[in-house]
Amino acid sequence: MTKKSIIMETIILFNRVYLTGKEQGYILDSLNSRRHCGNHSYGQKCISYLNDEMNLKNIFLTPSCTSAMEMGAMLADLGPGDEVILPSYTFSSTANAITIRGAHPVFCEICPETMNIDVSKIEQLITAKTKMILPIDYAGIPCEIDQIMQIAKKHKLVVMQDAAQSIGSKHKGEFCGTVPDIAAFSFHETKNLSCGEGGALTINNPDWLDRAHFLQEKGTDRSLVLKGIKSKYSWVDIGSSFLLSDLNSAMLLAQLEDWKVIGEKRSVITKAYNELFSPYAEQGMLKIPIVPDYSEVNHHAFFVIFDTEENKDSFLSILKEKNVYPYIGYLPLHSSPMGQKLGYKASDLPITENLASRIVRLPFYVELVNDLEYCIDNMSETLKTIYK
Ligand SMILES: *Cc1c(COP(=O)(O)O)cnc(C)c1O
């Protein structure tokens, strides 16, 4: 037998799911309950938890944030002829929730400090057809929801917040999702709290609540049967299967219960990145997230906007050789193939286009704490090479 020498290589992934240790027990318990569909024991526990801990009202657990936003678009009665204002710098799901209803996405520019929608540019996009404003909370930094609500009120528009990344973040003391008409969260494996695939819709507009139950249950009034109001349920509305299974909810509860611990662990990574990149930011070589002092973040992600696309590309390629894997940000939606089909061209949103070409998202997950020194040292060397 020949002896093989094993070289343990450090690899810094972009993302890795964190397990709290309680998932197995909860999932097994749900399994043994023999009630695995939506709105059962673990689903109810997650809903109560979100309600108690984050003041989120009228929660509907859904199979994803994507489906939560689709449900939200149905509730808001979006249809052909309606326009929705949203950033181009977002995930396809944000726009799809609208286009799937036949409504038209109107893309707005973003601010370089947070990469969130530029509130000062919303009003000029409002027309007689505008029905909704749909901001996102990029990297877990809350959008300026108070100002967005003011604009919406003035023009009688609905606000749906894509809070996929911002569970647990706060804007001016209010948890993300508690202010707009509706908000959607994600529990996808790339987010802070994961159940594989999962999401939630929170509804603050009481007029929509009854209908929400119908939409979630395939357009039936099954909710009234469960409440004992009706003996048989029937088809009463449009709808879909917008339910998260109890098995997924069991995993979700384990993660929810540790949301503060997870946030604290992740804050160590934010701190390390801030320390490394701040001197470069101060000298104007690059930009890092600027969290307004009235916001509290959940430490979902950290981004760096390089001064040139070339320096961004060098950063990615040098680090790849060292097994460190930062990732590019979103490709803007307006200049994507689908955006072009909708009539947009890249030059329509020059600020977004430019920022997106220079941004990098850094590796970010709880267990990165164990390899943080390797990660930071390599990034530090890389920055010295680039900005020598
Ligand atoms: C992750 C994400 C989504 C999609 O979430 P799913 O739960 O995978 O559907 C939507 N919008 C934003 C901004 C996201 O980051």
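Of the listed requirements (1) surrounded by fewer than 21 Cβ atoms within 10 Å (Cβ to Cβ); (2) more than 25 Å from ILE27 (Cβ to Cβ); (3) within 14 Å of the ligand (Cβ to nearest atom), SER166 misses just one: (1).
Against the test of being over 21 Å from PRO135 (Cβ atoms), surrounded by 15 or more Cβ atoms within 10 Å (Cβ to Cβ), of a type in the set (S, T, N, Q) and modelled with pLDDT under 95, the options SER240, SER223, SER194 yield a single qualifying residue, SER223. Taking residues in region 136-152 that are among the aromatic types (Phe, Trp, Tyr), and partners anywhere that are more than 12 Å from the ligand (Cβ to nearest atom) and in a loop (DSSP other than H, G, I, E, B), the pairs with Cβ atoms closer than 8 Å and at least 6 places apart or on different chains are TYR138/THR114. All of (1) within 15 Å of ASP162 (Cα to Cα); (2) away from the ligand (no atom under 16 Å from the Cβ); (3) β-branched (Val, Ile, Thr) hold for ILE122 with one exception: (1).
In region 90-107, the residues that are closer than 21 Å to LEU355 by Cα reach residues that are among the acidic types (Asp, Glu) and within 10 Å of the ligand (Cβ to nearest atom) with C-beta atoms within less than 6 angstrom, at least six apart or across chains, in these pairs: THR94/ASP162. Taking first residues from region 53-80 that are away from the ligand (no atom under 16 Å from the Cβ) and partners that are aromatic (Phe, Trp, Tyr) and assigned to a helix (DSSP H, G or I), the Cβ contacts under 6 Å between residues at least 6 apart in sequence or on separate chains come to LEU75/TRP208. The residue of region 88-119 that is nearest to the ligand (Cβ to nearest atom), among those that are among the aliphatic types (A, V, I, L, M), part of a loop (DSSP other than H, G, I, E, B) and buried (at least 18 other Cβ atoms within 10 Å of the Cβ), is MET115. When region 56-87 is limited to residues that are at negative phi and charged (D, E, K, R), the one that is surrounded by the most Cβ atoms within 10 Å (Cβ to Cβ) turns out to be GLU70. Condition test on VAL360, is it surrounded by fewer than 15 Cβ atoms within 10 Å (Cβ to Cβ) and among the hydrophobic types (A, V, I, L, M, F, W, C)? In short, no.
Residue-wise test of (1) within 20 Å of LEU362 (Cβ to Cβ); (2) free of Cβ contacts under 8 Å to residues at least 12 places away in the same chain; (3) crowded, with 19+ Cβ neighbours inside 10 Å.
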| site | (1), (2), (3) |
| --- | --- |
| GLY177 | no, no, yes |
| GLY198 | no, no, yes |
| TYR233 | no, no, no |
| VAL236 | no, no, no |
| SER249 | no, no, yes |
| LEU252 | no, no, yes |
| TRP259 | no, no, yes |
| ILE269 | yes, no, yes |
| GLY284 | yes, no, no |
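Taking the stated definitions as given, is LYS191 within 10 Å of the ligand (Cβ to nearest atom) and basic (Lys, Arg)? So LYS191 fits the description; yes.
One residue stands out among those in region 150-175 that are under 15 Å from the mean Cα position of the chain (by Cα) and of a type in the set (A, V, I, L, M, F, W, C): the one that is nearest to LYS265 (Cα to Cα), which is ILE167. Taking region 290-303 as the range and being farther than 20 Å from GLU373 by Cα and outside any loop (DSSP other than H, G, I, E, B) as the test, the residues that pass are SER295, GLU296. When the helices (runs of 4 or more DSSP H) confined to region 324-388 are screened for residues that are more than 30 Å from HIS104 (Cβ to Cβ) and in contact with a helix residue (DSSP H, G or I) (Cβ under 7 Å, 6 or more places away or on another chain), those reaching at least 1 such residues are found at 372-386. Of the listed requirements (1) within 16 Å of the ligand (Cβ to nearest atom); (2) β-branched (Val, Ile, Thr); (3) part of a helix (DSSP H, G or I), ILE151 misses just one: (1).
The values are calculated or read from the model by the stated rules, or taken from the named source; none is laboratory data. Computed from a predicted structure; not experimentally measured. In this analysis, Cβ positions are derived from the backbone assuming ideal geometry, glycine residues included, and neighbour counts consider all displayed protein chains.
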